[in-house]
Structures are given as structure tokens and as C-alpha cells.
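Take a look at the structure below.
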Amino acid sequence: MTKHTPPPAGGDGDRIIDEPLSEALSRRYLAYALSTITGRALPDVRDGLKPVQRRVLYAMNEMRLNPEAASRKCAKVVGEVMGQYHPHGDQSIYDTLVRMAQDFAQRYQLVNGQGNFGNIDGDNAAAMRYTECKLTAAAKLLLDGIDEDAVDFRPTYDGQDEEPVVLPGGFPNLLANGATGIAVGMATSIPPHNVAELIDACLLLLDNPEAATADLMAHVQGPDFPTGGVIVEGRASLLETYETGRGGVRHRARWTKEETGRGTYQIVVTEMPYQVKKAELVEQLAGLIENKRAVLLGDVRDESAEDIRLVLEPKSRNVEAEVLMESLFKLSDLETRFPVNINVLDARGSPGVMGLKTALRAFLDHRRDVLVRRARHRLGKIEARLHILDGLLIAYLNLDEVIRIVRYEDDPKARLIAAFDLTEIQADAILNTRLRQLARLEEMEIRREHAELAEERDGLVKMLASDKQQWKLVGMGLSAVRAVMGPDTELGRRRSSFADAPVVDAEAAMEAMIVREPITVILSDRGWIRAARGRVEDPSELKFKEGDKLAFLVPAETTDKLLIFASDGRFFTLACDKLPSARGHGEPLRLMLDLDDKVRILDVFAHKPGARRFLASKAGYGFVLVEDEAVAFRRAGKQVLNVDAGGAAVSLPMTGDQVAVIGDNGKILVFPASELPEMSRGKGVKVQSYREGGLRDAQVFSEADGASWIDAAGRTRVWTEWRDWAGKRAGAGKLAPRGFPTSKRFRPR
């Protein structure tokens, strides 16, 4: 690195730091990443809130926007939050406030909004100047004790005020309302749950700290989404998710079947999957009908008012309702998979993934800390009050002398302190006492208050010295919350139910609706695909874009599945009835599949159930694959053959009992097909050894029919002496016989 002359002292030159750019970027990026993780994306395990959510609730509490108070303009709240606590812009603050007020986004709303706060169709909320808000009872539970030294405070961004590090958290909000967020290098995704179930699990942990996750799941059945719906995830899968903190939950819409007379019916969707916008779902279903992908669905219309009512009409009365819905669950967002990643900040601010038990344990520890801190705060208040009451009782016992001192002494405060051994606080309290409070009844009231406070003080001291009593009080507090948010209340009743997904062969029903007719799949050298009706007898009549030519011509039927094998070892699956028409040049295959430009198409064929294929890589490793294992309707395809930098080499149908392979070195090896293992995925076994180069081509043939090759003139040459090249798999082989094509291939490409 070039050494720079240091700038002269003074002026802006003092701000220049001479250091490697890589170190400067690394240090600053790390600081940014940590700021994003701890300050924006991940919630705290104790109160389940991100900093912006916590600041909004605290600011509203400071503004006295209690549930029984009148609502205030959201613009006022946003301005207060941005001016004092959150300097990241008004839009992010308002978006947070809006989400906490949406009943379809939050299981337990923390903000009571008045006005247009958006809807499940995906429409945005009105501007903040038009909407009003206040806290809900659930939010007050999270804030309960905030003024009683229950939590730590830290300076705000400008150092002029203080904000809470965490809220007291009267209920397990992290799991109750869930959270989503993306940070640098990590993310969180937590589904909402039912508070009553979570509290029951907490009480079980208090009674039995050694309880396993399976024991907790006797109470926490699974997520409870605000939009209702049906959860079809298996119990074993949910148990693993709650054990590890990672997994997923399949969530689908709730529907009913309505008879419409004369043997016809319609499906009515009444509850949506979580975070699915209804308007976009309707558009998606309409697109499936238009593109002929949902062959069992005839029409879709939205008849929703205040309640959701999405009407789906089958294409035929003969289609069973369960079959129709199972097909739509696979094709559309009527079923979604909510990812679970309970990645949160612990009490020390460190990010980490927690399971159900760990998260609840952390919440209980926090509640105990809050209980102890509030008790100590209350104890301090009691001690201060008892101190004053002790002084007042001394004054009542020596009332005449106190009156004389106050009336005749020049410095009554100092004289009172000296005469009765009082503190300044006690002397001030005596001097501030009104004449009418010197009555006998007032003295009795002070003695009664003193006795009550002394009794409360003794109870607090005893509680602070007993861990058992502290945990008991934590449980009593949670039980009180459960009474308010229990399953018998409108707020606490479970909304999502559980069911097993019915075993329905929806694909068979969809295929039954497709008219079976012959087609010819045409794939050009540049990757344009189309399907022509019937059989193409003369390929020379096909037309392509300028500079393009025919690569694959595959006879098939509309009910077939088209398998495409790429050089990176992946298989891709396309439904033949969904292929573009041959009236034009078709569509680019790379727009339909996730194919990199460097990946080549090696083979295209119509899938035959139960058929087997020989796959091999350029490195000379291969195995036998059952075609059924290659079918996967995913844009990313299915990785079947593990390949190195050389990629895949051959894909051939297993139509014989012998395999002949030839390498780049021109050597041929013939070995029995029985020596190849049958696998569903992997690298395979070595089929031929090479010092240089790799596998060039292969042929599968029957011993009875013999081997052959096609010469440069297009004539088929029978190879009768192939047994002279027979050997064991993984051998080097012998040089090809005289007359073998110079391309070193059995068939031209």
C-alpha cells in the first residue's frame, strides 16, 4: 500500500484516517449488520417487540392514550415517536402502527384504530392525518408496571430523554402475536399463537420445570392465525418445529360446500390463509383458469362484504368438491406454508434460535425480574411513607410542644429536628401539616395507614427472600391475564383449527379432464419450445427463428409429462397440455424454468411410469434411475445426478441388458447393465476409467439384438464383434473398431 504523507494539523485534515479500504468496509459493514439485527429486524424474546413497536407503544402510553381515553390523530403519535424516540422516518413508524391495529395481521391487536387501516384485500391504510388511534387492553398489559421501575431505561438517540429497553410484558407476546423480519445474514419468522394456550404451558413449566416440549404441546396445539383457516401440518412435524425453533406450518383456507340445485354446487371460502391478500388470490385463480392450469375450476368471484365470501364454481358437476379443492391447494395460495424460524434477541441482546420451551422459559424469567423490581420499587415507596408517618406520629404524641416550637421559635425546622431527633423529610412533613389534620380522627387514620403499610412491607420482604413465592406470584399474574384473554372470551377463542389433509388423487382427476390426443414437442437449438398437434412426419418443414434450428423432436400426448434433462444433472418437468402452441415459434424454455445460460439441454422425452434410464456424468460415473423419481413440477427442477465441473454426459432408456461406453480417448468398454446400481439420486459408480478426458457417449442394447452405430452417411452399421470389448465396469476399455465414427459417438447429435 502506498504510504501517504499525513495532513497538517488543524482543519479538516484531522478527520482523515489512513487505513486499508477492506478493513474500513469490514468494520463499518459489521456495525451496520449488528445495528440492523438488534435495532430493527429481530424481536426481543421478553416482550416480543422490535424497537419501533416498543417506541410506538411507549409514546402512546406517555400521551395517556389508554383504552378508556379518546383517540388521537395518528399523525400526532407518529410525530411524537419520531421526534423523541425513533429517527428513522415517519412512514416506517406509521406502517408499524397500522400493522399493530389490523385484526387480520395481529392475533391480539395492540392499537385500537379508528378510520381506514387497510383490509385483507391488500388495500393500504389512509394517510396518518385521517386516522386516529389509542392503546388496547392487550397493550396495557404489556406496559403494566412501566412507571414502577420494572425495566431498565436507556438514553434516546439524541440523549435528551429516556426510553425503555424492554416492556414489562404481561403476556408472552412474542409467540402470541408472532413476528417477521429480515436482517443481515439472518431472519425471523414466528407464527402467532393463542395466549390462553401459551399461559397454560407457562403454568405447566412453573409446576414442572423439567417438562418436555411434547408435554407443553398438550396445551400449545400449534399456531393460531388471526385469519382463522385450517392447519394441516402433522403433529410429528410440529413437535420437531417447536423442539428446534425451525420448520414450517401448512395453512389452508376454510371452505364449505353449498348446494345450488339440480345436482350442482359451489365452494365458498370463508377464511383465508395468513398473510394472503384476497384480491391477489382472486387474480391468481382467474389466471389459472385463463392459462388452463386449473382444469377443474370453472369460475371464481368475490362476494365478500364485511365477512369473507369467495365463491368457486367447478367446471363440471361430476368433479368432487374435495378433489377440486385439493387441486387448488396445490396450484394456488389457498394453501401456504408459513416458515417458522424463532430467531430472537435474548436478555443480553444476543441473537439466537429458540425452541418453544426456551422461549417460554425466557419469558417467565423476565416476568420474575419484573415482579422483583416492582416489589423493590413498592418497598422503597412504603419505606419512605412509613418514615414520614413515624414523624407525624411523634408530632401527635408531642402536639403541644410542636405547636409551641412552630409558633415561637425563629427556626422551627431545626428546633423540631433537634428536639425530637427527626430527619429533614419528617420535619418538612410536620410543618406542611394543616391545622385541620391535627384532629384525633386524623391521628387514628395515620396509625391505621402505618399498620397496613408495615404489614405490606413485611410481606414484600418475605416475598423477596423466597424464590418459591416469587414464582407463585408470577403464576397468579398469568392466571389473571388468562381470565381476561381466555378461550371463553371473543378475543381469546381459538380461530385456527387442525385437520389432516385428505388423501385425494387430484392429479388423476385433473388428467381425466384433459382430452387425450397426440402431439409433437419441438425444442429448438436456442431453447424455444412448442407443441404441434398430431405427428410431425417431415421435420424439414418446421420453421424457426433466423439462426435457430431443430434440437429435439419428441412424440407425446397431451396427458404426458415432459421430462427435460440438463447438463447440471437436474430434471425438469412440464405438463404437455400446458406447452405453447406451434402456431408461432413457441416460448423460451428458460422463462418457464430456472435454467442458467451455461446449462445445456441433453435430453427431452415423454415420461413413462415405471421406465428406467441410464444416467452418467462426463467424469465417468453413473447409475440407473427410475423415471418416476425425476418428476417434480418445480421451476428449479430436481437434482438427480451429482456432477462436477464437466457436467452430465448421457441419458439413455434402459432397453437392454448391456451397456457400451466410449470416452474422449476413443476407447470403448462393454459391460452388463446388471453391474449398475439403481438409485434415486447421487453420483453413481464409475463406469469407465480415463487418464485424460471423460465420457463421450454410451449405448444400451440387448445381447440378443447386438450393438450398432450410425456412420457419417446416416447408415446403421451392425457391430457383431462387440464381445471383444466386453469387460468389467470401471475398466479402461479398448480402442474403437475400424470404421467407428470419428465423432466418437454411437449416434450423431
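The values are calculated or read from the model by the stated rules, or taken from the named source; none is laboratory data. Being a predicted model, the structure only gives us computed values, none of them experimental. Because the Cβ atoms are built from the backbone with ideal geometry, glycine has one as well, and the counts that use them run over all protein chains shown.
Which pairs do you get when a residue that is among the charged types (D, E, K, R) and at pLDDT 95 or above, found in region 65-80, comes within reach of a residue that is buried (at least 17 other Cβ atoms within 10 Å of the Cβ) and in a loop (DSSP other than H, G, I, E, B), reach meaning Cβ atoms under 6 angstrom, with the pair 6+ apart or on two chains?
Close Cβ pairs satisfying both conditions: R72/L65.
Within region 690-749, can you find the residues that are aromatic (F, W, Y) and free of Cβ contacts under 8 Å to residues at least 24 places away in the same chain? Outline the logic, then answer.
Keep residues of region 690-749 that are aromatic (F, W, Y), which gives 690, 701, 709, 719, 722, 725, 740, 746.
Passing the criteria: only W719.
One residue is enough: does region 298-308 have a residue meeting the conditions without any contact (Cβ under 8 Å) to a residue 60 or more places away in the chain, basic (K, R) and within 28 Å of D103 (Cα to Cα)?
yes
Specify the residue that is farthest from D628 (Cα to Cα); the eligible residues are those in region 671-683 that are among the hydrophobic types (A, V, I, L, M, F, W, C) and without any contact (Cβ under 8 Å) to a residue 60 or more places away in the chain. Please lay out each step first, then the result.
Within region 671-683, the subset among the hydrophobic types (A, V, I, L, M, F, W, C) is 671, 673, 676, 679.
Still in the running and without any contact (Cβ under 8 Å) to a residue 60 or more places away in the chain: 673, 679.
Values: A673: 20, M679: 12 Å.
Out of the qualifying residues, it is A673.
Among the strands (runs of 3 or more DSSP E) confined wholly to region 624-714, which include 3 or more residues that are among the polar types (S, T, N, Q), within 20 Å of F565 (Cβ to Cβ) and assigned by TED's automatic domain parsing to the domain that holds S743?
Ranges flagged: none.
Which of the residues that make up region 63-100 are among the small types (G, A, S) and at negative phi?
A69, A70, S71, A75, G79, G83, S92
D458 fails exactly one of the following numbered conditions: (1) closer than 30 Å to P168 by Cβ; (2) under 48 Å from the mean Cα position of the chain (by Cα). What is the number of that condition?
Status for D458: all satisfied but (2).
Of all residues in region 163-194, count the ones that are in a loop (DSSP other than H, G, I, E, B) and either under 17 Å from A347 (Cβ atoms) or of a type in the set (S, T, N, Q) (or both).
Here is the first cut: in region 163-194, the residues in a loop (DSSP other than H, G, I, E, B) are 165-172, 178, 183-186, 191-194.
Narrowing further to those that are either under 17 Å from A347 (Cβ atoms) or of a type in the set (S, T, N, Q) (or both): 165-169, 172, 194.
Residues flagged as in a loop (DSSP other than H, G, I, E, B) and either under 17 Å from A347 (Cβ atoms) or of a type in the set (S, T, N, Q) (or both) within region 163-194 amount to 7.
One line per residue, one yes/no per condition, for (1) aromatic (F, W, Y); (2) buried (at least 18 other Cβ atoms within 10 Å of the Cβ); (3) under 37 Å from the mean Cα position of the chain (by Cα):
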site	(1), (2), (3)
A531	no, yes, no
P539	no, no, no
K549	no, no, no
P555	no, no, no
L563	no, yes, yes
A566	no, yes, yes
F571	yes, yes, yes
C576	no, yes, yes
S581	no, no, no
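The rows are residues; the columns are (1) loosely packed, with under 15 Cβ neighbours inside 10 Å; (2) more than 30 Å from V370 (Cβ to Cβ); (3) in contact (Cβ under 8 Å) with a residue 40 or more places away in the chain.
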| position | (1), (2), (3) |
| --- | --- |
| I403 | yes, yes, no |
| R407 | yes, yes, no |
| D410 | yes, yes, no |
| E449 | yes, no, yes |
| D458 | yes, no, no |
| K462 | yes, no, no |
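Go through G459, G492 for me and flag whichever is closer than 30 Å to L205 by Cα and outside any helix (DSSP H, G or I). Steps first, answer last, please.
Details: G459 fails: outside any helix (DSSP H, G or I).
Result of the check over G459, G492: G492.
So which of L356, L324, L334 is within 30 Å of N116 (Cα to Cα) and either buried (at least 22 other Cβ atoms within 10 Å of the Cβ) or free of Cβ contacts under 8 Å to residues at least 12 places away in the same chain (or both)? Walk me through how you get there before you give the answer.
On the way: L356 fails: within 30 Å of N116 (Cα to Cα); L324 fails: within 30 Å of N116 (Cα to Cα).
Every option except L334 fails the conditions.
Could you please let me know if L386 is more than 19 Å from the chain's Cα centre (by Cα) and farther than 28 Å from D215 by Cα?
Numbers: more than 19 Å from the chain's Cα centre (by Cα): yes; farther than 28 Å from D215 by Cα: yes.
Against the criterion (more than 19 Å from the chain's Cα centre (by Cα) and farther than 28 Å from D215 by Cα), L386 qualifies.
Between G684, G694, G647, G714, which is under 49 Å from the mean Cα position of the chain (by Cα) and within 25 Å of L523 (Cα to Cα)? Before you say what the answer is, go through the steps one by one.
On the way: G684 fails: within 25 Å of L523 (Cα to Cα); G694 fails: within 25 Å of L523 (Cα to Cα); G714 fails: under 49 Å from the mean Cα position of the chain (by Cα).
None of the other options fit; the residue is G647.
Of everything in region 177-192, what is over 11 Å from P226 (Cβ atoms) and either surrounded by fewer than 19 Cβ atoms within 10 Å (Cβ to Cβ) or in contact with a helix residue (DSSP H, G or I) (Cβ under 8 Å, 6 or more places away or on another chain) (or both)? Give them in sequence order.
Looking only at region 177-192, we keep the residues that are over 11 Å from P226 (Cβ atoms), and these are 179-190.
Of everything in region 177-192, those that are over 11 Å from P226 (Cβ atoms) and either surrounded by fewer than 19 Cβ atoms within 10 Å (Cβ to Cβ) or in contact with a helix residue (DSSP H, G or I) (Cβ under 8 Å, 6 or more places away or on another chain) (or both) turn out to be T180, G181, I182, A183, V184, G185, M186, A187, T188, S189, I190.
May I ask you to say which residue of L345, L379, L356, L397 is within 26 Å of L460 (Cα to Cα) and either outside the structural domain of L435 (by TED's automatic domain parsing) or out of contact with any strand residue (DSSP E or B) (no Cβ under 6 Å at 6 or more places or on another chain) (or both)?
Working: L345 fails: within 26 Å of L460 (Cα to Cα); L356 fails: within 26 Å of L460 (Cα to Cα); L397 fails: within 26 Å of L460 (Cα to Cα).
Exactly one residue qualifies, and that residue is L379.
Hey, does region 594-613 have a residue that's touching a Gly at 6+ places or on another chain (Cβ under 6 Å) and either under 18 Å from V521 (Cβ atoms) or not assigned by TED's automatic domain parsing to the domain that holds N291 (or both)? Reasoning before the result, please.
We begin by selecting, within region 594-613, every residue touching a Gly at 6+ places or on another chain (Cβ under 6 Å); these are none.
Within region 594-613, not a single residue is touching a Gly at 6+ places or on another chain (Cβ under 6 Å) and either under 18 Å from V521 (Cβ atoms) or not assigned by TED's automatic domain parsing to the domain that holds N291 (or both).
Take the residues of region 684-736 that are in contact with a helix residue (DSSP H, G or I) (Cβ under 8 Å, 6 or more places away or on another chain) and more than 19 Å from V624 (Cβ to Cβ): which is surrounded by the most Cβ atoms within 10 Å (Cβ to Cβ)?
Step by step, filter region 684-736, then rank; the result is G733.
Which residues, taken from region 644-677, are surrounded by fewer than 19 Cβ atoms within 10 Å (Cβ to Cβ) and of a type in the set (F, W, Y)?
The answer is none; no residue qualifies.
Could you figure out which of (1) surrounded by 17 or more Cβ atoms within 10 Å (Cβ to Cβ); (2) over 30 Å from G380 (Cα atoms); (3) within 19 Å of the chain's Cα centre (by Cα) isn't true of A201?
Here A201 meets the rest and fails (3).
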